[in-house]
Structure formats: C-alpha cells, structure tokens
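Read the structure below first, then the notes.
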Amino acid sequence: MLWTARADGVWTHVNPRWEAYTGFPGNAPGLFGFEGALHPDDVTPTVARWTEAVALGTPYRSEYRLRRSDGVYRWHLTRGMPVALPDTDVVWAGACTDIHDQKQAEQESQAARGAAVRALGLALEARDHETKGHTDRVTDLAMRLGAAVGLNQDRLETLRLGAYLHDIGKLTVPDAILLKPGLLTPEERLTMQEHVASGERFSAALGFLSDEVLEVIRGHHERWDGSGYPSGLQASEIPLSARIFALADVYDALVSERPYKQAWTQEQAFAELQRQSGGHFDPELTTLFLEVLGKTALSVNPSALISENIGRSAISEHVQSLALQEAAISVLITDAEQRLVYVNPAFCRLTGYSPEEVIGRNPRFLQGPQTSPADRKILRDALAAHRPVHQLILNYSRSGEELWFEMHVTPIFLQGKLAYFVAIQNDNSVQVADRQQLEWSAMRDAPTGLFNRFSLNRVLPDTSAPLALIFLDLNDLKGINDRHGHQKGDQVLQEVANALVKTAPLGAQVFRLGGDEFLVLIPMLGEAAVMENVTALRQSLSLVETGDGPLTGSFGVAYFPQEGLDLWHLIGLADERMYREKLRQENRRGSSSRN
C-alpha cells in the first residue's frame, strides 16, 4: 500500500490497495481512516512517531497492527521519507507492507536462538561438572531479581541470554584448571580469569547477541568496590544487568556443591551475601535480592537434585534435542574440511534436502547462479582463515527456490585444533523481498506506477548508445484538478502514463518527473524518426478523456551525446525547448482569440 503526505503530515493520496485492504475509502478525511484501522494499543505510539518525524523532517519507520476489512489485525511496517516533489504539495512518500508472517518468524527465531544459547550453557555444565540445573536455576534467580528491580521485557530478555552464556568462555580453560579440586595457583587463577574475555569473543561471534547481552558476560566478575576483573569497574560503572547477575551467580555457587567445596546452607549463603554487600555486591540490590529470596526460600538443597545417572553423553543428547532438533532456524555442522556432518530438521524443511542427500558434502552446493561472487569470497576467505563470519547470502532450495540466509558461522576448536564449523542460518527471504518491494516503491511514482525522477540514474539504459530525451509538460492539469477534483486528475495521470508506455517505441523508458512533467527516453533512430515518435505521443494524449475535451501537451527534445553528456543538463535543455513550444502555443491561442 502506497501513500503520500503534505508537509503538515496530512495524507494526500493512497493507492487503491488501501481501500481494498482496510475497507476505508480512499477519500476519507484526515489520514484516510488510518487511526481507525490501527490496533487501539498502537494508536498513541504510532501517531507520536509520525508527528515527531513530520516535525523533524526525518525518515519515518513504524511497526503496528492494522485491521483488515474482515476485522483481523495483522502486523505492518510503514516507511516514509521526505521527497518534496516540485509543483505539488507532496513532501512525503511511503509504503505500508504486511509483515505479519515475518513478525511471527522473528518471534520463532528469537525463541530458537534462546534455546540454542541455553543449550550452550547446558553443554558447559556437562564439562564443568557443575550441579545439574545450574544454568536454568541461576537464570531464574537473575530474572526474578531483574523483575523486582523493574526491568522491562526487552531488558529481561537481555539478562536471560547473558545468564545462559555467562561462563561460556570456560570452554577454553584446560580441564586441569577448571576441574582442580583444590585452590588455584596465581598463574592458574589468571588463566581462569581469561574465560571472561574468551566468553565475550565467542558470544559476539554468534552474530545475533546485542551489546547488552555481552555486558552481562563481560561484567559479571566485576565488584562494587572495584576489586573485580577484567576491567576493575566499580559501583555504577558496572552495568546493572551484570550487578544483578553477579548476586544470582554467587548465591547459586554458594548453595551448590563444587569440586573444591561442599554446599552451604541457605542461612550461611544469606550471611555471606550480607557480609559482601558494598564490597562485592551493590548494597541496594543485595537487600532487594535477599527480600526476593526470603519470600520464596528454597526448601530443598540444590545439591540433592544431582542425578548420578546423567553424564556427559546424556546431557549432550538432551542439548541436541533442545537446541537443534526443535529449533525453527536452520543449523548445520561441518568438520574441519567443511564436510557436513549434521543438519537439523529446520534445514531440511527450508531447503527440501534430506540428511542422507547432504551429509559429507560441502555446503557450497546450496549456492547458485545468482549468488554474489563477492559474498562467496567473503565466506570462503573467512572459513579458510578459521574466522567467524556473519553475512546475508543467497542460497537455493532443492526445487530451485531462492533462500536468503542470514548466516552466523563459528569455528570450534578442540585442544587448540580446528574441529568443526557451526552455522546458524535464519531464513530472511521475506525480509529481503519486503526490502526489494520498498526499493521498487521508492523508485516509482505512486499515482502512475512509472519510474520517478529519483530513479533516473539507476534505471537508465546503456548510455554508450545515442538517446533522445523527450520532455513533456501536460497543459492545464491544474485546471482539471480544480474543476473536477484530484481524483479525476489522478485518473488523467494514469491514462497519460498508459498512453505513453503503449506508444513509445521498443526499448524506451518512461518517467514521471513530478506534477505535470514526464520524460521519455528512446533509442536514437535519427532526428526524423524521433520527431515521428513525438507526433505519435502527442496524438496518444488527445485520446485521454479530461472532462473538458482532448488533452494536449508541450514537448521538447534533446539528444545524447550530440548535445552533451550530462543527463540533467540535457533534461534542462529539453525543458527549455518544451517551454518555448508552450509559449508558441499560447501565442497562437491568443492570436486566434483576437481574430
């Protein structure tokens, strides 16, 4: 659905798709029924964003739920930009796109990513021999404290993902240090502390985690008094989410059995948190955390939840089931030589290939004739250098359907050697199609569907060949609008566009420059042939019904490259010649009326 608006934000035009979709007529006052079609919860923020964009003259973008004519609400994305078309009151143009399926896919993708991140935390549990359930339990504690602090839903989600991955960097710590039952030496402690930086690098390489998530990983060993690591931050310099998580992490460590200690009682843990308030922990958060725990005190020591029957292999199967088998996004794993060793069901659903057809093959077989060579090189070079890579790339399904995958590829090292590449592929085909549609809309004139003036440099034919530029100015379009209304004026513009496209020779390009001005670019066939085309275009205008008789126009022609190489100079030259013809026409009409 396409729209235009005036400088004060009042919409001036919507295309017929608007009325067909919403049921509101295209001549409804104000915003063409826009506020009436919005979901009640979205009216205030959506109108506020539009008002702000209009006031600042900045591009507009908003997601909201819009009611269809059958009463069903669906998510839409509206984008608008200042365009300031000459000789009109239009200063805004935009497109409204249904993104409901994309929105649902994003929600499913977010859930799948959350499951994958959680699975990484569970995998670390298996290696670290931590108490079963530590990842889920410490995340739950942090979320409860975050909710008590008043974090909104987005910040709680950030805290949750950071909690899942807080110690993922321990994957790089040698077993001799990680599993040591006694105290660490100073050198071993430094090695252990490096897990923070390693965890941040690993998590960043996944490509889909925000900086706020990384803050939890980077900051959860900082201390209120500045004695923590890795940066020695103190007090409010430490991000709030990291301060929240530190309390939850230490509390769970205290009440859990570890290789180097027995589990503490809840009373002992409470006393230790109070003792460390103002030293290790934020004093206000400590008080609030103890209040939260006091309301829902644990009646069972977490150590009692350990099951001796669950070992590394069982947990690994559980992790795979959670993160890979049920994921809505595609996951594939290759060996160090880039031969596929695993694909999940989502990969098979998206691509149409069965595991048997792809195992052992290089994933490059998914690329196709339209895959960008530059994108191929970026991926190939990153994998050859064993670097993480994040990119959008065109792949193809088994049936030849285009699949735009947002890829996050991470190399996995075991004992210092490359062992695997893990790739998470999110299907962005809908988003790419929406962007292409928006780009198409930005290059088109809303009333006529012709290319607009902004698209001239992008859609010009090969300028090594001679061209004729035919400039057309319609006569009395303003009078038609004044006498018969803008709806009739738009109808005339549409008929003119159809007439020009049908009459122009093969290989021509037709543009509406704005207002009553059009431009036709035709291959140069000799000046006589060009003037024959002008005559044919002039005759086609006379067939357009205006309500006042045949439509007329004034024409001017310029030639490339004979009269210059600069496009806009030639357009200006054709415009001057058109204006001289218009003056001659007016003089003839004046002379005729005097006679």
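The values are calculated or read from the model by the stated rules, or taken from the named source; none is laboratory data. Quantities reported herein were computed from a predicted structural model and do not represent experimental measurements. Here Cβ is always computed from backbone atoms with ideal geometry, including for glycine, and neighbour counts include all displayed protein chains. For the accessible areas, the whole protein counts, side chains as well, though only heavy atoms, and no ligand, DNA or RNA atoms are used. Shrake-Rupley method; radii C 1.70, N 1.55, O 1.52, S 1.80 Å.
What to note about this one:
- Within segment 430-450, being open to solvent by less than 60 Å² (accessible area, probe 1.4 Å) and either assigned to a helix (DSSP H, G or I) or farther than 15 Å from residue 513 by Cβ (or both) holds for 431, 432, 433, 434, 438, 441, 442.
- Note on segment 5-36: residues that are over 15 Å from residue 67 (Cβ atoms), modelled with pLDDT under 65 and either open to solvent by less than 40 Å² (accessible area, probe 1.4 Å) or of a type in the set (D, E, K, R) (or both) total 1.
- Restricting 373, 363 to residues that are surrounded by fewer than 14 Cβ atoms within 10 Å (Cβ to Cβ) and not basic (Lys, Arg) narrows the list to 373.
- Residue 291, sole failed condition from (1) among the charged types (D, E, K, R); (2) open to solvent by less than 40 Å² (accessible area, probe 1.4 Å); (3) closer than 24 Å to residue 152 by Cβ: (2)
- Residue selected from segment 239-259 under the condition out of contact with any Leu (no Cβ under 9 Å at 6 or more places or on another chain) and surrounded by fewer than 22 Cβ atoms within 10 Å (Cβ to Cβ), by the criterion nearest to residue 142 (Cα to Cα): 253
- Residue match in segment 118-129 (condition: modelled with pLDDT under 70, part of a loop (DSSP other than H, G, I, E, B), more than 21 Å from the chain's Cα centre (by Cα) and within 30 Å of residue 254 (Cα to Cα)): yes
- Considering residues of segment 514-544 that are open to solvent by 50 Å² or more (accessible area, probe 1.4 Å) and among the hydrophobic types (A, V, I, L, M, F, W, C) only, the residue modelled with the lowest pLDDT: 525
- Residue 84 being farther than 28 Å from residue 428 by Cα, modelled with pLDDT under 80 and part of a helix (DSSP H, G or I): no
- A search for C-beta distances below 9 Å between a residue of segment 368-384 that is touching a residue at least 40 places away in the same chain (Cβ under 8 Å) and in a helix (DSSP H, G or I) and any residue that is surrounded by 10 or more Cβ atoms within 10 Å (Cβ to Cβ) and aliphatic (A, V, I, L, M), counting only pairs 6+ apart in sequence or on different chains, returns 383/389; 383/409.
- Segment 340-358: number of residues that are without any contact (Cβ under 8 Å) to a residue 40 or more places away in the chain, surrounded by 13 or more Cβ atoms within 10 Å (Cβ to Cβ) and assigned to a loop (DSSP other than H, G, I, E, B): 1
- Checking each residue in segment 237-252 for being over 14 Å from residue 277 (Cα atoms) and in contact with a Lys or Arg (Cβ under 9 Å, 6 or more places away or on another chain) picks out 238, 239, 240, 241, 242, 252.
Residue-by-condition table, conditions (1) over 25 Å from residue 418 (Cβ atoms); (2) aromatic (Phe, Trp, Tyr); (3) modelled with pLDDT of 90 or more:
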| position | (1), (2), (3) |
| --- | --- |
| 357 | yes, no, yes |
| 360 | no, no, yes |
| 364 | no, no, yes |
| 368 | yes, no, yes |
| 379 | no, no, yes |
| 382 | no, no, no |
| 387 | no, no, no |
| 400 | yes, no, yes |
| 406 | no, no, no |
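- Residue pairs meeting the criteria (Cβ under 9 Å; at least 6 apart or on separate chains; first of a type in the set (Lys, Arg), in segment 467-487; second open to solvent by 30 Å² or more (accessible area, probe 1.4 Å)): 478/87; 478/516; 483/547; 483/548
- Of the residues making up segment 202-217, at least one is at negative phi, surrounded by 14 or more Cβ atoms within 10 Å (Cβ to Cβ) and among the polar types (S, T, N, Q).
- Residue 46 meets each of the listed conditions (1) in contact with a Leu (Cβ under 8 Å, 6 or more places away or on another chain); (2) modelled with pLDDT of 80 or more; (3) part of a helix (DSSP H, G or I); (4) open to solvent by 40 Å² or more (accessible area, probe 1.4 Å) apart from (4).
- Odd one out for residue 159, checked against (1) at pLDDT 85 or above; (2) touching a Pro at 6+ places or on another chain (Cβ under 8 Å): (2)
- Across segment 161-172, the qualifying residues are those that are closer than 11 Å to residue 135 by Cβ and assigned to a helix (DSSP H, G or I), and the one among them that is most open to solvent (accessible area, probe 1.4 Å) is 164.
Okay, residues lined up against (1) in contact with a Pro (Cβ under 8 Å, 6 or more places away or on another chain); (2) surrounded by fewer than 20 Cβ atoms within 10 Å (Cβ to Cβ); (3) over 24 Å from residue 16 (Cα atoms):
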| residue | (1), (2), (3) |
| --- | --- |
| 493 | yes, no, no |
| 502 | no, yes, no |
| 508 | yes, yes, yes |
| 546 | no, no, no |
| 585 | no, yes, yes |
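- Residue in segment 475-486 that is modelled with pLDDT of 90 or more, open to solvent by less than 50 Å² (accessible area, probe 1.4 Å) and of a type in the set (S, T, N, Q) present: yes
- Residues being out of contact with any helix residue (DSSP H, G or I) (no Cβ under 8 Å at 6 or more places or on another chain) and in contact (Cβ under 8 Å) with a residue 12 or more places away in the chain - total across segment 62-73: 1
- Flag if residue 147 is open to solvent by 30 Å² or more (accessible area, probe 1.4 Å), part of a helix (DSSP H, G or I) and modelled with pLDDT of 60 or more: yes
- For residue 191: the one exception among (1) open to solvent by 30 Å² or more (accessible area, probe 1.4 Å); (2) out of contact with any helix residue (DSSP H, G or I) (no Cβ under 6 Å at 6 or more places or on another chain): (2)
- Qualifying positions in segment 409-423 - at pLDDT 80 or above and either among the aliphatic types (A, V, I, L, M) or open to solvent by less than 20 Å² (accessible area, probe 1.4 Å) (or both): 409, 411, 418, 419, 421, 422, 423
- Matching residues, segment 173-185, being in a helix (DSSP H, G or I) and open to solvent by less than 40 Å² (accessible area, probe 1.4 Å): 177, 178
- Residues satisfying the stated conditions in segment 548-564, i.e. free of Cβ contacts under 8 Å to residues at least 60 places away in the same chain and open to solvent by 80 Å² or more (accessible area, probe 1.4 Å): 550
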